[in-house]
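Engineer: Got a structure for you, written out below as C-alpha cells; questions coming shortly.
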Amino acid sequence: MLEYQTQGFNGYAVKYSPFFDSRIAVASSANFGLVGNGRLYILGLTANGIQPEKWFDTQDSLYDTAWSEVHENQIVVACGDGSVKLFDISLDQYPIQSWQEHNREVYSVSWNLVSKDTFSSSSWDGTIKVWSPHRPQSILTLPTHSCTYSSAFSPHSQSILSSVSSDSHLRIFDLRTPPSASNHLVHLIPIHGGPPVPGMASRQSFQPSECLTHDWNKYRPNIIATAGVDTIIRTFDIRNPKAGPVAQLYGHEYAVRKLAWSPHLSDLLLSASYDMTCRVWTDGTSSTPGASGGAGREIGRLNRHTEFVTGVDWCLFGSEGWCASVSWDKRVLVWDARAVMGR
Amino acid sequence: MALPGERLSTVLGHLNPMKATGRESLLKKNPDDIVITLAVRTPLTKARKGGLKDTSLDDLLITLLTAIRERSNIDPALIEDVCVGNVLAVGQTYIARSAVIAAGFPVTTAASICNRFCSSGLLAVQNIANQIISGSIDVGLAVGAESMSGTPDDGAPNMSAKIINHPVASQNTQPMGQTSENVAAQFNISRHAMDAFAASSFQKAEKAQKAGWLADEIVPLNVQWKDPKTGEVSTKIVDRDDGIRYGTTAESLGKIRAAFPQWSPSATTGGNASQITDGAAGLLLMKRSRAEALGQPIVGKFCGATVSGLEPRIMGIGPTLAIPKILEKTGLSSSDVDVFEINEAFASMGVYCVEKLGLDPAKVNPRGGAIALGHPLGCTGARQVVTALSELRRQDKRIAVTSMCVGTGMGMAGVFVSEH
C-alpha cells in the first residue's frame, strides 16, 4: 500500500489517468469542502512512493474531477463556486478554460468514453450540462429539478447519459431522442422501489433517500449501480426499468459516497462510505468460470482510512485489483483490492 | 453559491437521513410527490336561504364535478376514483357514484363516500392520496360536499346501553353546542374573547371578499333557485359567499343572546359559532411524475395528514392534538408554517386552539373561517385546502397546515405546500 498526504486538503475524488498507469489526480478541498480553497493534485506513482508532479489551486472547493479521454494532459474539475474548469497539466497555475454556468456547487464531472469529445457536469442547481472542451458555452442543459450528485455517460454509447440525485431517482437520458417536453429523459427509475415479489401485488419499498453516486458496468451495457444515504448499494437493469433493483447489497453503516465498477471483472464493485471503509463487492453474477454466482455480497474491506472516504477509482492497467482511495483524513491510499478480499 | 452552513447541512443530511425532514425537505420536489393540479370550491351559501338552497347534494356534486372536468382539461377517463366526503346525506353512496357519471365521467370512473364528520373533506384527500401512494390508482379526485339545506343534522341516534352507560362513550350523545360550552367552561374562555375571535373572522372574510381574493377559489355555479315569496323557479348564477356580514364587530356580536342557555357558561351564540351552509370543494390529485407527463399545472403538494382522538365532551380542541402530531411527523415547527386553516366550529375552540398552540393570530385563517363563511360539514376539510393554497399563492408563501375538530372527539390535520 502506498500513501500520500494532501496536507491541509481533504480529499473528495480520485481518478487514474486513462493514459498512464502511474498517474492519478486528486480533487480536494480545504476545511472539508465547507469553505475555502480547492486543490487539484497530479500525483505520480514511482518506485519511491507517491510523488506530487504538480498541483493547481482554485478559489473554491473541488468536489470531482475527470481526465480527458482524448488529451493526455487535460483534466476537468467540478468546483464549489459553480464553475467547471479545464486544466492542462503541462502548464502551471491557471486553468485553460473555465465555464461559469451552474448556479450552485458542481458535484460531478464525467467524460464521454465513446465519442470522447464531450463531458458532463451535474450540480446542486438541479441541472446536468453537457460540454465540449472547444466551446465557450455548454452544449446542452438537462433539468433534474433536484440536487444532482452524480452524472455519467454510458461507457457503451456516446449519447446515453445517466444521473442520480437527491430525489431518490435514477434518470437515463438518450440524447438521440427529440428534446420535446421530456428533455431527452427516457427512464425515471425510483431507486427506493423494491424488487417485485412473485405472487404479491404490492412490492417492498423503502423511504426515498438522497442518492449520491452511481456507475455504469463496464461489461454489461444495461447495468448501473447506485448508492447513497440509505447505505444500500443497488444494481438496476435499465432494459426493465420498472422491475426494481436486480441486486441489493447491504453492509455499509453510513451513506455511500462513491461507487466504481471494476474495469477487469464484470461483477466486481468498489465503494467508499462515510463509515470510513472502502468495500469490495460482487453483485452475484460472477463471470469467472466455475465460480458460484449466488447472492451479491461484500468480499473485502479496507479499514485504513480514519475519516469519511469520499473517492475511489480502479487502475485501468496492469494486474487487476489496484485501486486508489481518498478521504477527509487528508490521505490518498493506493492499494491492491486482492489483498483485502477473501477474508 | 451556498453558504458554508448550507454545505454542512447537506453533509449532515447524508449522515442523519432521519432528520432530513422539516421545511427544507418538504419543499423539495420528488417525482413521487402527491400533487394537486386543481383546487376549487363552490361559493358557500346559507342553508335554506342562500343561492344553493334548492340545489340538492346530487346537483351540487354534478355541477362541481363538471366544472372540475372542464377546468382541469384532463381526459376524464384518466380519473380512476372519486372520493366524496359527506356527512349527512341519506343515500350518499348512490348519489356519489351517480353524480360522477352524470357529470360526464365515463363509467370506468369509480366513486366512494368517506365520512369522519367535519374532517370528511380532508379524509377524502388523504384517501385518494393513499390510493395513489400505494399504486391502487394513478389519478383521483377528492371532493367534500354538503347540502345542509336538505339534510339537517339530527345529532346522535339511539345507541346501545353499553354506550349510554359508558363514562366516555356516552359523551357522544351530547350535541355539538354543548361541547362548545364544555370547552368554554373547562378552559375559561370568556364570551368577550369568543366574540372578538368571531368578529375578527368576519372582518378578515370581509376584507378578502371585497379585495376579490375569494374569487380565486370559487367556480361560479349555474343553479336552479326558487323565490321564497313567489315560488317561481329561475336559473341563477351563484358566484360569491353569502355568509359574511360586513361591519361585524365584537360589540355587535356581544348583543346576541346565548344559543344554549341550558348549558353553562352559555357563551356560544349564533354569532360566534359556525354557520349552517351549503357548499362543495374538490381537488385533483396525482403523482408529480404523472402531472408532468400529462402537462397538468401543479398548484400544490399533499405532504401528509393525521388524526387523533380525545374526550368527546371537549371535541372542539381536537386541533391542539392533531396539529402538533402532524408537525412532528413532518419535522416542522409551527414557525415554519405560513398559514394555519383551523375550522371555526365554535369560537370557544378557536380561541383555545390559537392560545394553546401559541400561534401567530395573523397566520390563522387569514381569510376568515367557518364563523364568517359557513361550515358545510363534509365540504369544510376540502374547502380549507382550497382556501389555504389560494392564500399561500397570494402571499407568495409555501406551507399550510389545515386542521379541524371532529364531532365524537377527534382532531385531524394535514400539511400542504403551495407550488405556485
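Engineer: Averaged across the residues of A:206-219, what count of C-beta atoms belonging to other chains lies within 10 Å of each residue's C-beta? Spell out each step's value before the answer.
Structural biologist: Values: counts 0, 3, 7, 5, 7, 0, 1, 0, 0, 0, 0, 0, 0, 0.
Across A:206-219, the average partner-chain Cβ count within 10 Å equals 2.
Engineer: So in the protein assembly as shown, what percent of DSSP beta bridges are antiparallel if you round to the nearest 5? If you can, show how the numbers build up before the last one.
Structural biologist: Working: 151 of 168 bridges.
Here the share of antiparallel DSSP bridges comes out near 90 percent.
Engineer: If one takes the accessible area of chain A alone plus chain B alone and subtracts that of the pair, with a 1.4 Å probe, what total in Å², rounded to the nearest 100, results? Walk me through the numbers before you get to the answer.
Structural biologist: Working: alone 14030 and 17400 Å², together 29460 Å².
What A and B bury together is about 2000 Å².
Engineer: Which of the aspartates and glutamates could be linked to B:LYS229 by a straight reach, that is with a Cα gap under 15 Å, when you skip same-chain ones fewer than 8 residues away?
Structural biologist: Once the sequence-local aspartates and glutamates are set aside, what remains near B:LYS229 is B:ASP54.
Engineer: Calculate for the protein assembly as shown the 222 nm mean residue ellipticity that helices alone would give, adding -39,500 (n - 2.57) per DSSP H run of length 4 or more and normalising by residue count, nearest 500 deg cm²/dmol. Please list the in-between numbers first.
Structural biologist: Numbers: 15 runs with 156 residues, N = 763.
Helices in the protein assembly as shown give a 222 nm mean residue ellipticity of -6000 deg cm²/dmol.
Engineer: Then there is this: What is the range A:12-153's relative contact order, in percent, from Cα pairs under 8 angstrom and six or more apart in sequence?
Structural biologist: Values: 404 pairs, mean separation 21.6, N = 142.
Taking the mean separation of contacting Cα pairs over the length of the range A:12-153, I get 15 percent.
Engineer: Still on this model: Stokes-Einstein D for the range B:191-303 at 25 °C, 0.890 mPa s, Kirkwood Rh over Cα pairs, in µm²/s? Intermediate values should be presented prior to the final figure.
Structural biologist: Details: Rh = 17.9 Å.
Approximately 137 µm²/s, per Stokes-Einstein.
Engineer: Another question, if that's okay. Under a Cβ-Cβ cut-off of 11 Å, what is the net charge of the residues other than B:ALA124 that fall near it, where Lys and Arg count +1 and Asp and Glu count -1?
Structural biologist: Within the 11 Å Cβ shell, the charges total 0.
Engineer: Under 20 Å Cα-Cα from B:LYS329, which aspartates and glutamates qualify once same-chain neighbours fewer than 8 residues away are excluded?
Structural biologist: Excluding near neighbours in sequence, the set is A:ASP167, A:GLU210, A:ASP230, B:GLU24, B:ASP32, B:ASP33, B:ASP338, B:GLU341.
Engineer: Out of every Cα-Cα pair in the range A:2-340, what percent are more than 36 Å apart? Intermediate values should be presented prior to the final figure.
Structural biologist: Details: 7431 of 57291 pairs.
In whole percent, the long-distance tail amounts to 13.
Engineer: Let me ask another. Find how many whole Å separate the alpha carbon centroid of the range B:197-259 from the alpha carbon centroid of the range B:39-64.
Structural biologist: Centre-to-centre (Cα) distance: 13 Å.
Engineer: Also, I was wondering about something else. At 1.4 Å probe radius, can you tell me the per residue accessible area of chain B in Å²? Numbers along the way, then the final one.
Structural biologist: On the way: 16350 Å² over 420 residues.
Computed with neighbouring chains in place, this is 39 Å² per residue.
Engineer: Something else now. Could you name the lysines whose alpha carbon sits less than 19 Å from that of A:LYS116, not counting residues in the same chain fewer than 8 places away?
Structural biologist: A:LYS15, A:LYS85, A:LYS129, A:LYS218
Engineer: What value does the range B:276-351 have for Rg/Rh, both radii from Cα atoms and Rh as Kirkwood defines it?
Structural biologist: Details: Rg = 16.2 Å, Rh = 15.4 Å.
With Rh from the inverse mean 1/r over Cα pairs, Rg/Rh is 1.05.
Engineer: Of the beta bridges DSSP finds with both residues in chain B, what % are antiparallel, to the nearest 5? Mind dumping the intermediate values first?
Structural biologist: Numbers: 44 of 61 bridges.
Beta bridges within chain B, antiparallel portion: roughly 70 percent.
Engineer: Per the Kirkwood definition applied to all pairs of different Cα atoms, how many angstroms is the hydrodynamic radius of the protein assembly as shown?
Structural biologist: Values: mean 1/r = 0.0347 Å⁻¹.
Over the protein assembly as shown, the inverse of the mean reciprocal pair distance is 28.8 Å.
Engineer: Against the empirical 2.2 N^0.38 Å scaling, what ratio does the C-alpha Rg of chain B come to?
Structural biologist: Numbers: Rg = 21.0 Å, N = 420, 2.2 N^0.38 = 21.8 Å.
In units of the globular-protein estimate, chain B measures up at 0.96.
Engineer: Same structure, new question: Given a 1.4 Å probe and every protein chain left where it sits, what share in percent of the accessible area of the protein assembly as shown is carbon and sulfur? Intermediate results must be reported in sequence, preceding the final value.
Structural biologist: Values: 15350 of 29460 Å².
Of all accessible area on the protein assembly as shown, carbon and sulfur atoms account for 52 percent.
Engineer: Past the 32 Å Cα-Cα mark, which pairs from B:LYS210/B:LYS255; B:LYS204/B:LYS325; B:LYS28/B:LYS210?
Structural biologist: B:LYS28/B:LYS210
Engineer: Amide H neighbours of A:ARG23 under 5 Å, at least 5 residues apart or on other chains, H built in the peptide plane: list them.
Structural biologist: Long-range HN contacts for A:ARG23: A:SER17, A:LEU45.
Engineer: Hey, what do the phi angles of the range A:271-278 turn into as Karplus ³J(HN,Hα) couplings, whole Hz, using 6.51/-1.76/1.60 and θ = phi - 60°, x for Gly and Pro?
Structural biologist: 10, 10, 9, 5, 7, 6, 10, 10
Engineer: Give the Kirkwood hydrodynamic radius (Å, one decimal) of the range B:224-289, defined as one over the mean of 1/r across all pairs of different Cα atoms.
Structural biologist: Working: mean 1/r = 0.0610 Å⁻¹.
Taking the inverse mean of 1/r over all distinct Cα pairs, the range B:224-289 comes out at 16.4 Å.
Engineer: Calculate, for the range A:2-340, the solvent-accessible area per residue in square angstrom, rolling a 1.4 angstrom probe over the heavy atoms of the protein chains.
Structural biologist: On the way: 12660 Å² over 339 residues.
The answer is 37 Å² per residue.
Engineer: At R0 = 22 Å, how high is the FRET efficiency between B:SER98 and B:ASN222 if r is their beta carbon distance? Nearest 0.05 is fine.
Structural biologist: Working: r = 20 Å, r/R0 = 0.90.
Plugging the Cβ-Cβ distance into 1/(1 + (r/R0)^6) gives 0.65.
Engineer: Would you mind computing, in nm to one decimal, how far apart the modelled labels at A:LEU316 and B:ILE164 are, each placed 7 Å from Cα along Cα→Cβ?
Structural biologist: 8.8 nm
Engineer: Expressed in whole Å with the largest first, what are the equivalent ellipsoid semi-axes of the range A:104-147 derived from the C-alpha gyration tensor as the square root of 5 times each eigenvalue?
Structural biologist: Numbers: eigenvalues 70, 23, 15 Å².
They are 19, 11, 9 Å, listed largest first.
Engineer: Still on this structure, I have one more. Short version: what are the Cα gyration tensor semi-axes of the range B:1-152, square root of 5 times each eigenvalue, largest first, in whole Å? Before the final figure, lay out each step's value.
Structural biologist: Working: eigenvalues 287, 63, 41 Å².
So the three semi-axes of the range B:1-152 are 38, 18, 14 Å.
Engineer: Can I ask one more? Could you derive backbone 3J(HN,Hα) for the range B:147-155 from the dihedral phi with the Karplus parameters 6.51, -1.76 and 1.60 (θ = phi - 60°), listing whole Hz in sequence and x where the residue is Gly or Pro?
Structural biologist: 10, 7, 5, x, 10, x, 8, 8, x
Engineer: Follow-up question, since we're still on this one. What ³J(HN,Hα) values, in whole Hz, does the Karplus curve 6.51 cos²θ - 1.76 cosθ + 1.60 give for the range A:170-187 when θ = phi - 60°, with x put for Gly and Pro?
Structural biologist: 9, 10, 10, 10, 10, 6, 7, 6, x, x, 6, 6, 8, 6, 6, 5, 10, 9
The values are calculated or read from the model by the stated rules, or taken from the named source; none is laboratory data. On a predicted model such as this, the values are computed, not experimentally measured, just so you know. Counting neighbours? That spans all protein chains shown, and the Cβs are built from the backbone with ideal geometry, glycine included. The accessibility values were calculated without ligands, DNA or RNA, using every heavy atom of the protein model including side chains. Shrake-Rupley method; radii C 1.70, N 1.55, O 1.52, S 1.80 Å.
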